[in-house]
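Just below is one structure, and these are the notes that go with it.
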Amino acid sequence: MSAAGTWNLTIDSPLGKQRASVTLTQSADNTWTGNSLDLVSGEASACYNIEVNGEEVGWQQQITKPMKLKLTYKLKLDGDTLAGKVKAGLFPASKVVGERVSEDAVKS
């Protein structure tokens, strides 16, 4: 199954649970683009250095809320779920879980 789609993520960060919606899109030439929306602060940011290799999915992004940080995600795809870790600046890696948003939910 492809990593393309919209994912609702929950991050167990040192600052408490964070929630984000991430959309990953694969183009015809096999390049990836992505965007993330923090569901609490409303901050949007672009995903870059997106790598999808089989079930391994990763990307980076810059955020400014709750503080300025570079995030590096390393996740495993399993059907309609993602799980793994995100490294946020100097903080220890945090657990991440995610679920694919169904196409019906996106359209409604």
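Amide H to amide H, which residues 5 or more places from L39 or on other chains are under 5 Å from it, using H placed in the peptide plane?
Correct list: R19, A20, S21.
May I ask you to list the lysines whose Cα is less than 24 Å away from that of K74, ignoring any residue fewer than eight positions away on the same chain?
Result set, ordered by chain and number: K17, K65, K85, K87, K95.
Looking only at the range 11-107, where both bridge partners belong to it, what percent of the DSSP beta bridges are antiparallel (to the nearest 5)?
Around 100 percent of the beta bridges assigned by DSSP in the range 11-107 are antiparallel ones.
Cut-off is 10 Å between beta-carbons; in what order do Y48, Y73 appear when sorted fewest neighbours first? Walk me through the intermediate numbers first.
Numbers: Y48 12, Y73 27.
By the 10 Å Cβ count, ascending: Y48, Y73.
In what sequence do K85, K70 fall when counting other Cβ within 10 Å, fewest first?
K70, K85
Give, in nm to one decimal, the length gained when the segment between S27 and E55 is fully stretched (0.36 nm per residue of separation minus the Cα-Cα distance).
Length difference between fully extended and current span is 8.3 nm.
How would R100, R19 line up from fewest to most surrounding beta-carbon atoms within 10 angstrom?
Working: R100 19, R19 13.
Fewest to most other Cβ atoms nearby, the residues stand as R19, R100.
Just checking my list [x] 15.3; [y] 15.7; [z] 13.9 against Kirkwood radius over Cα pairs in Å computed from this structure; which label fits?
[z]
Quick one: 3J(HN,Hα) in Hz for the range 73-83, Karplus 6.51/-1.76/1.60 with θ = phi - 60°, rounded, Gly and Pro as x.
Each residue of the range 73-83 in turn: 8, 9, 10, 10, 8, 9, x, 9, 10, 10, 8 Hz.
Take every Cα pair under 8 Å in the chain that's 6+ residues apart, average their separations, divide by the length, and report that relative contact order as a whole percent. Kindly include the intermediate steps, with their values, before the conclusion.
Working: 234 pairs, mean separation 24.3, N = 108.
Relative contact order for the chain comes out at 23 percent.
Just so you know, all these numbers are worked out from the coordinates, no wet-lab data involved. Fair warning: this is a prediction, and the values are worked out from it, not measured in the lab. Cβ coordinates were reconstructed from backbone atoms using ideal geometry, including for glycine residues, and neighbour counts include every protein chain displayed.
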